[in-house]
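Novice: Can you read through this structure? Questions will come right after.
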């Protein structure tokens, strides 16, 4: 006979696939928010809107113990899905390419379980359904709207296809990097392609800048400093026989420590300006800091690791993935306000769930709902016990 938890996890899988079919972009998650709030209403869990499309649910508000918040993100990405799944996105150009549909379904499964055991919860539980993780600083806006009021610890997670299923990482200190973006506008003097001597070529200068800024990590930072500088855009001209007046470079910076980001930004400014000047071209650099590093606090991280061991088994630790990874998370905002921890939990079960996040072929591994739901329930003192345990 199926257990209550088995039924919950099965229903959450069906819910996740329905959510996957109707993705919404950052700060546009209106239908998603309505769906989440309807589910909380059905469970009898009080909620309030937070930061617009965000939702905060509350359980055991009067319990005397530690107040714990659990977070799921809800937004999708501007990507055309080609996964081939029967539950693929029904909205052209938008898909849940990062698994936020799975994170949301998992937290709702936990909500259903916790409601059943609400009177036995040792402390209050806050459920954070957060919008705008994908570059929209949704966590910051949730905090500004009081999402962490009274919260003692906060926990989050992300599915990670580069880690085998049944394994995870949850270190003390940084687990994900800080990031920023840059734009370099190069201004020279264009002209006929047959007369380069009469021009100041921003394409040539831009090519040199691309090469030069790759040396920032290897020659301007200490070897012990994890960092990535990636040029992702190079735009220039339009006529095949003309050297243009201007060119534009853009890209991303990733560092393990937030404070290293400022140093990289300074080096970008100097190297781009001086390199371009050698070609008679002016370079103007705009650097935009984005998310801080996601830095776990030791005590809640230790509690998280204990729970990972209980649920996933003694061999849960993934030792192959270097941490911090250079992807970034706005969960970092929560960890700058209250103690907490964030884990990367493996999705690759050898059944096609190796596609990386943000790939048009990606699909969340529904097998994660069961163990991660158990992990979250355990973290708040309501461990799942079934007939097979």
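Read-outs throughout are calculated quantities, based only on the coordinates presented, and are distinct from any laboratory measurement. Treat the numbers as computed from the prediction; the structure is a model and nothing was measured. Here the Cβ is made from the backbone with ideal geometry for all residues, glycine too, and neighbour counts use every protein chain on show.
Novice: For residue 288, put the label point 7 Å out on the Cα→Cβ axis and report which residues of region 224-254 keep their amide N under 13 Å from it.
Specialist: Label zone hits: 250-253.
Novice: To continue, here is another question. Working from Cα positions, state the angle (0 to 90°, nearest 10) between the long axis of helix 369-379 and the longest principal axis of the chain.
Specialist: Result, in degrees: 70.
Novice: Over every pair of different alpha-carbon atoms in region 178-289, take the mean of 1/r and invert it; report that Kirkwood radius in Å.
Specialist: About 14.3 Å for region 178-289.
Novice: Here's something else I'd like to know. Label 7 Å along Cα→Cβ of residue 64; region 97-134 residues with amide nitrogen under 17 Å?
Specialist: Label zone hits: 119-125.
Novice: If I take R0 = 56 Å and measure r between the Cβ atoms of residue 361 and residue 198 in this structure, what FRET efficiency does the formula 1/(1 + (r/R0)^6) give, to the nearest 0.05? Mind showing how you got there, number by number?
Specialist: Details: r = 48 Å, r/R0 = 0.86.
FRET efficiency, residue 361 to residue 198: 0.70.
Novice: Where Rh denotes the Kirkwood radius from the mean inverse Cα pair distance, what is Rg over Rh for region 307-389? Intermediate results must be reported in sequence, preceding the final value.
Specialist: Working: Rg = 14.8 Å, Rh = 15.1 Å.
Radius of gyration over Kirkwood radius for region 307-389 works out to 0.98.
Novice: Over the chain, calculate the relative contact order: mean separation of alpha carbon pairs under 8 Å at least 6 apart, over the residue count, as a percent.
Specialist: 24 percent
Novice: Specify the residue with the greatest mean-square fluctuation among 308, 19, 249, computed from a Gaussian network of the chain linking alpha-carbon atoms under 10 Å apart.
Specialist: 249
Novice: Dividing the Cα radius of gyration by the Kirkwood radius, what Rg/Rh value follows for region 35-79? All intermediate terms of the calculation are to be shown ahead of the outcome.
Specialist: Values: Rg = 12.9 Å, Rh = 12.4 Å.
We get a ratio of 1.04 for region 35-79.
Novice: Just the projected area, averaged over all directions, of the convex hull on the alpha carbon atoms of region 255-340: how many nm²?
Specialist: Numbers: hull surface 30.9 nm².
One quarter of the hull surface, i.e. the mean projection, equals 7.7 nm².
Novice: So, one more: At 20 °C and 1.002 mPa s, grab the translational diffusion coefficient of the chain from Stokes-Einstein with a Kirkwood Rh over Cα pairs, rounded to a whole number in µm² per second.
Specialist: Values: Rh = 22.5 Å.
Rounded, D is 95 µm²/s.
Novice: Under 20 Å from the 7 Å Cα→Cβ point of residue 234, by amide nitrogen: which residues of region 247-262?
Specialist: 247-254
Novice: Per 10 Å bin, what is the whole-percent P(r) computed from every C-alpha pair distance within region 112-189?
Specialist: Computed distribution, short to long bins: 11, 28, 35, 15, 6, 3, 1, 0.
Novice: Okay, next question. On a 0 to 90 degree scale, rounded to 10, what angle separates helix 100-116 from the longest Cα axis of the chain?
Specialist: Result, in degrees: 20.
Novice: Kindly provide the pair-distance distribution of region 51-132 built from C-alpha pairs, with 5 Å bins from 0 and whole-percent values in order of increasing distance.
Specialist: 3, 14, 20, 18, 15, 11, 8, 6, 4, 1
Novice: Further question on the same structure: What is the spin-label model distance, in nm, from residue 152 to residue 385 if the labels are put 7 Å beyond Cα along the C-beta direction?
Specialist: Distance between the two pseudo-spin positions: 2.3 nm.
Novice: How big is D, in µm² s⁻¹, for region 28-172 by Stokes-Einstein at 20 °C and 1.002 mPa s if Rh is the Kirkwood radius over C-alpha pairs? Display every interim value, and only then the final one.
Specialist: Working: Rh = 16.2 Å.
Once the numbers are plugged in, D ends up at 132 µm²/s.
Novice: Please compute the Kirkwood hydrodynamic radius over region 1-48, one decimal place, Å, based on all pairs of different Cα atoms. Please list the in-between numbers first.
Specialist: Values: mean 1/r = 0.0818 Å⁻¹.
Final number for the Kirkwood radius of region 1-48 is 12.2 Å.
Novice: Roughly how many Å is it from the Cα centre of region 43-77 to that of region 235-270, as a whole number?
Specialist: Taking the Cα centre of region 235-270 as reference, the centre of region 43-77 is 40 Å away.
Novice: I'd like the orientation of helix 30-43 relative to the chain: the angle between its Cα long axis and the longest Cα principal axis, in ° from 0 to 90, rounded to 10.
Specialist: Computed tilt is about 20 degrees.
Novice: Pick from 12, 49, 132: which residue has the top mean-square fluctuation in a GNM of the chain where Cα pairs under 10 Å get a spring?
Specialist: So, out of 12, 49, 132, the one fluctuating most is 49.
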